[in-house]
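Data first, discussion second: the structure below is written as structure tokens.
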Amino acid sequence: MYINRLLLLAAGAFLIFFPAFENWIINSEVAWYRPWQFWLVIVVAAYWNQQSRYPDEL
Amino acid sequence: MSFSLAQILLFIIAYLTGLFAIAHLADRGIIPDRITRHPAVYTLSLGVFAGAMASNGVMSLAYDYGYNFLLYYIGVVLMFVLAAVLLVPLLRLCRLYQLASLADVLTFRYASPRVGAGITLAMCITVLPLLALQIQAVATSIQILAGGSSTLSPEGEHNGLAFLFCVIISVFSMLFGTRHVSAQDRNTGLVAAIAFESLIKLTAMLALMLIAVFVVFGSFGEMEQWLLSQPEVSAQLAQPMRGNNALILLLIFFAGAVCMPHLFHMAFAENTDSRDMRAATWGLPLYLMLLSLPVLPIAWAGIRMGHTLPLDYSALAIGMVLQSKSVSAIAFVAGMSAASATIIITTLALANMCLNHLVLPLRPLQVERNQSIYSQLKWLRRALICVLILAGYVLFAFLNLGQSLTQLALVAFTGTLQFLPGIIATPYWPRGNHYGLLAGLLGGFFIWFLAMLLPLAGADIPMPLQILLGEVATGNDRQWATTAIVSLGVNSLLFMFVSVCTRTGAGEKVAADICSMDDLPRPTRKILSVNSAAEFAPRMAGTLGEHTAQDEVERALEELQFSIEEKRPYALRRLRRRIATNLSGMLGPSEAHRIVESTIPFVASPGDREREDFYLLERNLEQSKPRLTGLAADLNDLRRHYRKTLDNLPIGACSVGEDGEILMWNQSMVRITGVAESDIIGSLLSSLPPPWSRILEEFFHSDASMRVKTEVTLPQGNKRWLGLHRTATDTLSNNNTLIVVEDMTDVQLLEEELLHSERLASIGRLAAGVAHEIGNPVTGIACLAQNLEYEKAPGEIQHMAQDILKQTERVNRIVESLMHFSHSGARASEATLRSVNLADCIDEAIHLLSLDRGTKPAHFDNRCDRELLVVADSQRLLQVTINLLSNARDARRDGADVRILARADDKRVLIDIEDNGCGIPAEQQNQVFEPFFTTKDPGEGTGLGLALVFSIMEDMNGRVSLTSPLVDGPYPGTRFTLQLPRGRYEMDYDL
């Protein structure tokens, strides 16, 4: 079975930190639009990531 | 404030007509390609994922689960941000093998038509609640708009309009979704229309947000103030989900990104460019971010206004409360655009799946030879679209608003979650097989059916399942989470257990390897039952009809840029694969495989072994270079290094398969033959241009392991000499032959030059003797001429004249011998093998040697049979015998004879030239035939004599060998043995 080690690590970290992250992101003390701010960061990261890929790596 | 039914109907018709117009303009190319083919259009079309759930259902999801409503979007966002995990491998597969649906992919991967049928059936049942959800959202919106009431009546009195909506949507799907029979051709109009709908949906939602913020609340700051004054709303928003329900919800929507047929269809079937997928990895998250942003302000505005409608319809409620028709219309457009796009694409994708995996396998198309299957396929697909939309409507009518949009969505999404194990195993677990997949699917789907779908219709969960699901199954609203995790767990366990316990077929293993992430397609080289591309269409006409078969062959040829005259086995295999792939896009992989297997089968290969197609393997490796990392990349670099070394070798090398197919052709072969690698790879040796086909084919089929010198006459008329060698390469169960071709033209020309020089040197050595020999008769002629002056008697004059003639004849004979020997035109290329009298040839050599006055006179004892003939070139045989006899003369003991003997059998003649000299030591015997090797004193020998003898004998298909010593003692002697084919009278051989 092919296992991408980096992906496995990311999935493990995600599972471990998801509850803490969930609490942090939906904290009622902060601005209601905080999840969207974080979301925007993900969009920018995804944009940067696809820029650095080969033109056609399929 | 309310709308009349006629107004609503007109509104729906106007909106959908606009949609028709956009699709039509895009299809006709009036909307330019740079717009319709732009990655932004593709990204927007993926917004089809956000159906009525995004415009309506998500409001109540936010109310129930707070911020966790975002998981509905985040699941898809994660899938696209991590596109390399599943989307890229799936897109690669879909592109390579023209797979247009989840059922196509899984059928291809698990190499079983039963998988396709099972997945399609399960998908139809699973997605029906999603269709019902869309119709319910539109029907309820119509009811609210038409009734203007603050509550909903369950009688569904406006279902007629909902039905009309379904009819219009069906017409649109049939017109624009079935334009291309092949699912791989992009439906430009459809994609443009769906992208337009996504844009409308987003614009409407953002407009509603602005209305909520600036009209309902007054300003952004006031909205925040209101939020601060409503701690229960903030608390509701920030409530965490119980247990791991948030993770399960995320998993459900994450799976939905590839399992839901409408998103799969837009992501893979309507996408032909990886550039689009790359843009979507950030474009779709951005789109969904903007689409989700208005949800909370709209929901809060609804709460502030205190309307009594279900939360799903908060946007409509704002319009109703504000008494604004335009606001209501915007809210309705948002919902309708979301619902219509989802219905259209979902039914289209399901129709393709049903056609390819249920209809065609059960009832193969019946076509006459002169018919086309395209129209039949179109109409079947259209009928299926109608049936599916109708089924969705029937479920909606049956439920009669009894379920919330969120409940319907969760049922549908939890159902599609059951396909996730099979999809993940496609690139990551080659061990999984179709038994495991079907067992897992059956188990998971069965639990889902009993615990989620049946309760939707009001039935109770069976008792054994209640025990399995525990207390959560007793009717509370979190049962979806437990059902999802239990059904998925049972599904995965069954899948793994059954896969490990059962045997995987050979075909399935190959498919698993092809789909595997860490593997490349491993093409096999089989022998086809057809010999040219022209034979394909007639073979397939019986199944596809003449026109379709012709069209498909022409299409594949055009895509591969081959001509109809193509005969190369490699090209024909590629053509077959391309046709199968194209048919797969039209009929699904199993039906395409069946048709191609039955019409263009492979013939059993020698030994029934699968042989690797190295050329394709290399091509795949070359194309996959950017994907290879770590050790694989290093190995590939090593392969490229050796490949380059092989290519740049100064010696030609070509690899030939058992069936004579050329598998490798290096640059030296290109230089020697003038045949480009791309023109010949994958062809048979026989298809090489003359004279290469004859030479290489003869050598390939012969038993000889080498041919020292083969003369080749090129079409331009010039000649080349080649050395051919062969060796068997038994690698990866392939019995290939490596043929090495050495261009020996330069060596040959040099040898000829040397031969000529040596001949001239011999003539030089003979010069003194010749002068002496000619001098005697000339002196005699001079004396006779002087006497003739004074002679009067006629008898004496006649006698003297005869003497002069005799002397002249003698001179002539000497000159002729010299001319004969020094004949400068006797090059190898012009030499002719003929039957030559051996004894005469040796006599002539002896005569020439006797002219050499610089050496001690010797007696040559020619004991050859006077009638014995050999096949040789007389000039060259003369050179050989002169060289050997002069060596024997120089080596012999003083006063001893040089003996020449000949013995013959039916085929060959052996000529022994013996001397009784000092012999040749054993350690020098291997060197005597090498150029410039001599044991004579400096200045006495050139060291070329025996090398030339060896070379000439090879040219004349003969051999030379030596034996020494012949006897014991101080003069052991040496024997050179020449072997030549035996000649017959009236027999000529052309070299």
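Can you tell me which residues in region B:72-100 are over 22 Å from the mean Cα position of the chain (by Cα) and either closer than 13 Å to B:Ala269 by Cβ or of a type in the set (Phe, Trp, Tyr) (or both)?
B:Tyr72, B:Tyr73, B:Phe80 - these are the residues of region B:72-100 that are over 22 Å from the mean Cα position of the chain (by Cα) and either closer than 13 Å to B:Ala269 by Cβ or of a type in the set (Phe, Trp, Tyr) (or both).
Can you tell me which residue in region B:290-322 is farthest from the other protein chains (Cβ to nearest Cβ), limited to those that are closer than 29 Å to B:Leu44 by Cβ and among the polar types (S, T, N, Q)?
Checked region B:290-322; the qualifying residue farthest from the other protein chains (Cβ to nearest Cβ) is B:Ser314.
Here is a list of conditions, (1) at pLDDT below 80; (2) in a helix (DSSP H, G or I), and B:Leu493 meets all of them except one; can you say which number that is?
(1)
So which residues in region B:692-721 are under 34 Å from the mean Cα position of the chain (by Cα) and in contact (Cβ under 8 Å) with a residue 24 or more places away in the chain, if there are any at all?
Within region B:692-721, B:Ile695, B:Leu696, B:Glu697, B:Phe699, B:Phe700 qualify.
Please pick out the residue among B:Gln927, B:Gln879 that is in contact with a Lys or Arg (Cβ under 7 Å, 6 or more places away or on another chain), outside any strand (DSSP E or B) and assigned by TED's automatic domain parsing to the domain that holds B:Asn837.
Working: B:Gln927 fails: in contact with a Lys or Arg (Cβ under 7 Å, 6 or more places away or on another chain).
Sole residue among the options that is in contact with a Lys or Arg (Cβ under 7 Å, 6 or more places away or on another chain), outside any strand (DSSP E or B) and assigned by TED's automatic domain parsing to the domain that holds B:Asn837: B:Gln879.
Kindly indicate which of B:Ala111, B:Ala122 is more than 14 Å from chain A (Cβ to nearest Cβ), over 23 Å from the mean Cα position of the chain (by Cα), surrounded by fewer than 24 Cβ atoms within 10 Å (Cβ to Cβ) and not charged (D, E, K, R). If you could, list the steps in order and put the result at the bottom.
Details: B:Ala111 fails: over 23 Å from the mean Cα position of the chain (by Cα).
One residue alone meets the criteria, B:Ala122.
For residues in region B:866-876 being within 57 Å of the chain's Cα centre (by Cα) and not in a helix (DSSP H, G or I), which is farthest from B:Cys841 (Cα to Cα)?
Result: B:Val871.
Conditions tested, residue by residue: (1) within 7 Å of chain B (Cβ to nearest Cβ); (2) in contact with a Cys (Cβ under 6 Å, 6 or more places away or on another chain); (3) at pLDDT 75 or above.
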residue: A:Phe14; (1), (2), (3): no, no, yes
residue: A:Arg34; (1), (2), (3): no, no, yes
residue: A:Val43; (1), (2), (3): yes, no, yes
residue: A:Ala46; (1), (2), (3): yes, no, yes
residue: A:Glu57; (1), (2), (3): yes, no, no
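When only residues in region B:719-776 that are outside any strand (DSSP E or B) and basic (Lys, Arg) count, which is modelled with the lowest pLDDT? Please lay out each step first, then the result.
Start the filter on region B:719-776 by keeping residues that are outside any strand (DSSP E or B), which leaves B:732-733, B:744-776.
After this cut, where a residue has to be basic (Lys, Arg) as well, the list is B:759, B:765.
Values: B:Arg759: 69, B:Arg765: 65.
Among residues in region B:719-776 that are outside any strand (DSSP E or B) and basic (Lys, Arg), the one modelled with the lowest pLDDT is B:Arg765.
Among the candidates B:Ala207, B:Ala162, which residue alone is modelled with pLDDT under 85, under 16 Å from B:Phe332 (Cα atoms) and either in a helix (DSSP H, G or I) or touching an Asp or Glu at 6+ places or on another chain (Cβ under 9 Å) (or both)?
Matching residue, one of B:Ala207, B:Ala162: B:Ala162.
Pull up region B:377-428, narrow it to residues that are free of Cβ contacts under 8 Å to residues at least 40 places away in the same chain and more than 20 Å from B:Pro129 (Cα to Cα), then point me to the one that is surrounded by the most Cβ atoms within 10 Å (Cβ to Cβ).
It comes out as B:Leu380.
Identify the single condition in (1) facing chain A (nearest Cβ under 9 Å); (2) small (Gly, Ala, Ser); (3) crowded, with 21+ Cβ neighbours inside 10 Å; (4) under 25 Å from B:Thr188 (Cβ atoms) that B:Ser274 does not satisfy, given that it satisfies every other one.
(3)
Within region A:16-32, count every residue that is surrounded by fewer than 11 Cβ atoms within 10 Å (Cβ to Cβ) and at pLDDT 80 or above. Spell out how you get there, then give the answer.
Kept after step one, since they are surrounded by fewer than 11 Cβ atoms within 10 Å (Cβ to Cβ), are these residues of region A:16-32: A:16, A:20, A:29.
Applying the additional criterion that residues be at pLDDT 80 or above yields A:16, A:20.
Total satisfying the criteria: 2.
Does region B:879-910 hold any residues that are of a type outside the set (A, V, I, L, M), touching a Cys at 6+ places or on another chain (Cβ under 9 Å) and buried (at least 16 other Cβ atoms within 10 Å of the Cβ), and which are they?
Scanning region B:879-910 gives a single hit, B:Thr881.
Restricting attention to region B:430-441, report how many residues are within 14 Å of chain A (Cβ to nearest Cβ) and either within 30 Å of B:Tyr313 (Cα to Cα) or buried (at least 22 other Cβ atoms within 10 Å of the Cβ) (or both).
4
Specify the residue that is modelled with the lowest pLDDT; the eligible residues are those in region B:597-626 that are part of a loop (DSSP other than H, G, I, E, B) and of a type in the set (A, V, I, L, M, F, W, C).
The residue in question is B:Ala604.
Please go through region B:1-17 and pick out each residue that is in contact (Cβ under 8 Å) with a residue 40 or more places away in the chain and assigned to a helix (DSSP H, G or I).
B:Leu5, B:Ile8, B:Leu9, B:Phe11, B:Ile12, B:Ile13, B:Tyr15, B:Leu16
Does any residue of region B:46-64 turn out to be assigned by TED's automatic domain parsing to the domain that holds B:Ser141, at pLDDT 90 or above and not β-branched (Val, Ile, Thr)?
yes
Just to be sure, is B:Leu311 modelled with pLDDT of 90 or more and either over 30 Å from B:Ser584 (Cα atoms) or in contact with a His (Cβ under 6 Å, 6 or more places away or on another chain) (or both)?
no
Based on what the data block shows, is A:Arg5 at pLDDT below 80, within 7 Å of chain B (Cβ to nearest Cβ) and more than 13 Å from the chain's Cα centre (by Cα)? Spell out the reasoning first.
On the way: at pLDDT below 80: yes; within 7 Å of chain B (Cβ to nearest Cβ): no; more than 13 Å from the chain's Cα centre (by Cα): yes.
Criteria not met by A:Arg5.
Give the residue that is surrounded by the fewest Cβ atoms within 10 Å (Cβ to Cβ), with candidates limited to residues of region B:206-224 that are within 14 Å of chain A (Cβ to nearest Cβ) and of a type outside the set (Asp, Glu).
Result: B:Gly221.
Being modelled with pLDDT of 85 or more, under 21 Å from B:Gln376 (Cα atoms) and surrounded by fewer than 22 Cβ atoms within 10 Å (Cβ to Cβ) is the filter here, so list the residues in region B:553-594 that pass it.
Of everything in region B:553-594, those that are modelled with pLDDT of 85 or more, under 21 Å from B:Gln376 (Cα atoms) and surrounded by fewer than 22 Cβ atoms within 10 Å (Cβ to Cβ) turn out to be B:Glu554, B:Arg555.
The values are calculated or read from the model by the stated rules, or taken from the named source; none is laboratory data. Just so it is clear, the structure is predicted and the values come from calculations on it, not from any experiment. Note: ideal-geometry Cβ built from the backbone for every residue, glycine included; neighbour counts use all protein chains shown.
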